[in-house]
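Colleague: Take a look at this one; I'll ask things after.
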Amino acid sequence: MSLVIAENSFGTGDDLLVPEGILITSSDGLAVSALGSGHTITVAGLIRGESGAVLLDGGSGDAQSLVIARGGQLSASDTAVRFAAGRVRLENHGSILAPGKAILIGVDRPVASAALENPGSIQGAIITATSEGFSLDNSGSITAARPHGEALVVTGDAATLVNAGAINGLVQLTDAADVMTNRGAIIGAVRLGAGSDILDNRDGEIRGPITLGDGDDLLIAGQTTYRVTGGEGYDTLDFSHGGSVILALDLSRPAGGVLHGNTYLGFEAVIGSALGGDWIGGNAADNRIDGLGGADTLSGRSGADTLRGGEGGDTLIGGSGRDVCTGGPGRDTFVFGEGDFGGKTLARGDVITDMRPRQGDRIDLSEVDANRLVGGDQAFTFIGLDHFHQIAGELRLVFGATATSLLGDTDGDGNADFRIVLTGHINVHAGDFVL
């Protein structure tokens with residue numbers, strides 16, 4: 001049989017221990033009200049209140065601590081726990097139950113910071129507002145009060161969320177630079193808000209749409225089926241910890257490989273897998289695409305793109321716009337199609353930073369019509385260091401102080417119609433091209 005104690009109120013610096021077998025209850029108000037600062041409440045028994053189980057209404061001084069031991073429980077018909085002002089620490093090994101909001105932090109009055117650790121069970125929403133940051137380490141379960149409802153809503157300064165347990169419901173973080181690491185399961189939508197956020201979902205599962213919001217965001221992807229929206233800013237997808245990927249940022253082809261069934265909207269940069277076999281295409285933005293290990297195909301499409309193949313024999317297709325391509329170790333092929341040139345000057349021409357003929361690198365111009373004066377697709381003639389002879393279809397080499405230029409004349413007027421810039425003094429020969 002439990003010992004039942006009526007509602008309890010105490011002041012600054014006082015602590016409270018509710019042992020196992022003790023029930024503190026209120027049928028019409030708060031069961032426990034802690035005024036002032038510097039409180040530590042430890043609950044191994046039960047606290048039940050109509051309007052609330054525990055209120056910690058402190059000043060801006062010492063931390064307010066609430067620890068629910070294994071077997072301990074807080075429950076209320078309204079909100080189970082409220083923190084108002086001060087610095088908050090909550091550790092739950094037991095259970096917190098409410099039909100609406102389980103925990104309110106800083107909603108009534110500002111709270112400086114809050115740190116929550118939950119290896120237990122929380123049923124009801126966690127709503128927080130802090131001025132100096134919020135952190136949650138969840139290895140237990142957090143469940144919204146109703147299907148598709150709010151599980152965690154954080155406002156104010158940046159949030160750090162580590163989930164190795166289960167969260168069922170909406171997760172919405174702040175408009176600051178949030179960091180979210182998921183190694184467990186989240187069943188519901190995830191919204192990170194504005195700010196440059198990081199979502200690391202390696203070995204995690206998210207069943208719901210993901211919105212990264214404004215800012216320069218990073219998604220480190222796992223094996224989950226996603227629908228992700230990057231939002232405004234320069235957003236990056238990192239697939240370096242998984243299998244081979246097929247991805248077109250402009251949605252011109254369905255995602256494939258380990259990304260089968262996934263949709264990614266509003267991203268500008270991609271890091272491929274370390275295994276190789278990736279096919280990654282850009283969009284109209286100035287993309288940055290990294291192939292990492294293995295033989296990859298990278299296509300920038302339009303925009304001023306940066307392509308880096310990494311290890312292995314890669315195929316790099318800059319597309320239109322001034323592109324900068326780096327093949328990396330391996331026999332790489334740099335492919336140019338009709339109109340896939342940035343400009344005619346050193347400052348505007350496409351750049352290959354590491355053309356290494358002895359390594360087996362090749363420049364493929366076979367899709368470019370060398371002679372626009374006649375029908376069909378004509379091949380170029382490489383004339384080395386010679387000057388143009390006013391013959392359409394010539395490709396010549398020019399050494400500069402810090403770079404080597406490949407110039408092409410497609411109309412026979414003796415002037416270059418495009419330029420490819422090779423970083424360094426690179427002596428290429430006819431065998432280094434696919435013409």
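Every read-out reported here was derived from the displayed coordinates using simple, explicitly stated rules and does not represent laboratory data. Since this is a predicted model, take the numbers as computed values, not measurements. A quick note on method: Cβ atoms are made from the backbone with ideal geometry, for glycine too, and the neighbour counts reach across all protein chains shown.
Colleague: Please compute the contact order of the chain in relative form: average sequence separation of alpha-carbon pairs under 8 Å and at least six residues apart, divided by the residue count, as a percent. Intermediate values should be presented prior to the final figure.
Modeller: Details: 1532 pairs, mean separation 23.3, N = 435.
5 percent.
Colleague: Let me ask something else. Compute the distance in nm between two label points, each set 7 Å from the Cα along the Cα-to-Cβ direction, one at N427 and one at V374.
Modeller: Distance between label points: 3.3 nm.
Colleague: Residues of the stretch 170-193 with the amide nitrogen closer than 16 Å to a label point 7 Å from the Cα of Q223, along Cα-to-Cβ, please.
Modeller: 183-186
Colleague: Okay, moving on. Give a quick list of trypsin sites (Lys or Arg not before Pro) in the stretch 277-358 that DSSP marks as loop, anything other than H, G, I, E or B, with at most 16 other Cβ atoms within 10 Å. Let's see the in-between values first.
Modeller: Values: sites: R288, R301, R308, R322, R331, K344, R348, R358; in loops: R301, R322, R331, K344, R348.
Here the sparse-neighbourhood loop sites are R331, K344, R348.
Colleague: What's the magnitude of the charge dipole for the chain around its Cα centre, counting Lys and Arg as +1 and Asp and Glu as -1 at the beta-carbon? Answer in Debye, nearest 20.
Modeller: Details: 27 positive and 55 negative charges, 160 e Å.
Approximately 760 debye in magnitude.
Colleague: Apply the a/c threshold of 1.5 to the C-alpha gyration tensor of the stretch 115-228 and tell me whether it is rounded, prolate or oblate.
Modeller: Numbers: a/c = 1.43, a/b = 1.06, b/c = 1.35.
Rounded is the answer for the stretch 115-228, as its axis ratio a/c remains below 1.5.
Colleague: Placing +1 at every Lys and Arg Cβ and -1 at every Asp and Glu Cβ, with all other atoms neutral, what dipole size does the stretch 338-435 have around its Cα centre, in debye to the nearest 20? Could the numbers behind the result be given before it?
Modeller: Details: 8 positive and 16 negative charges, 85 e Å.
The calculation lands at about 400 debye.
Colleague: Apply 1/(1 + (r/R0)^6) to the Cβ-Cβ distance of D108 and E232, taking R0 = 41 Å, and write down the FRET efficiency to the nearest 0.05.
Modeller: Numbers: r = 33 Å, r/R0 = 0.80.
E between D108 and E232, to the nearest 0.05, is 0.80.
Colleague: Report the normalised scattering of the chain as log10 I(q)/I(0) at q = 0.11, 0.12, 0.14 Å⁻¹, calculated by the Debye formula with identical scatterers on the alpha carbons.
Modeller: Result of the Debye calculation: -0.82, -0.91, -1.10.
Colleague: From the phi of every residue in the stretch 129-135, what ³J(HN,Hα) in whole Hz does the Karplus formula 6.51 cos²θ - 1.76 cosθ + 1.60 yield, where θ is phi - 60° and glycine or proline is x?
Modeller: 9, 10, 9, 10, x, 9, 9
Colleague: Rounded to the nearest 0.05, what FRET efficiency is calculated for D386 and A284 with R0 set to 51 Å and r the Cβ-Cβ distance? Don't jump to the answer; show the numbers that get you there.
Modeller: Numbers: r = 38 Å, r/R0 = 0.75.
Here the calculated transfer efficiency is 0.85.
Colleague: Ok, one more. Expressed in nm to one decimal, what extension gain is obtained for the pair K344 and S131 from 0.36 nm per residue of sequence separation less their Cα-Cα distance? Intermediate values should be presented prior to the final figure.
Modeller: Details: separation 213, 0.36 × 213 = 76.68 nm, distance 5.30 nm.
Going from the current span to full extension adds 71.4 nm.
Colleague: How much length, in nm to one decimal, is gained on full extension between S27 and T402, taken as 0.36 nm per residue of separation minus their Cα-Cα distance?
Modeller: On the way: separation 375, 0.36 × 375 = 135.00 nm, distance 8.22 nm.
Full-extension gain reported as 126.8 nm.
Colleague: So how much slack lies between L17 and S252, counting 0.36 nm per residue of separation and subtracting their Cα-Cα distance, in nm?
Modeller: Numbers: separation 235, 0.36 × 235 = 84.60 nm, distance 6.22 nm.
Net length gain for the segment: 78.4 nm.
Colleague: I would also like to ask the following. Set the Förster distance to 45 Å, then compute FRET efficiency between E367 and R70 from the Cβ-Cβ distance, nearest 0.05.
Modeller: Values: r = 67 Å, r/R0 = 1.50.
My answer for the efficiency is 0.10.
Colleague: Sticking to Cα atoms, compute the Rg of the stretch 331-435 to one decimal and its Dmax as the biggest Cα-Cα distance, whole number, in Å.
Modeller: Computed over the Cα atoms of the stretch 331-435, radius of gyration and Dmax are 12.6, 38 Å.
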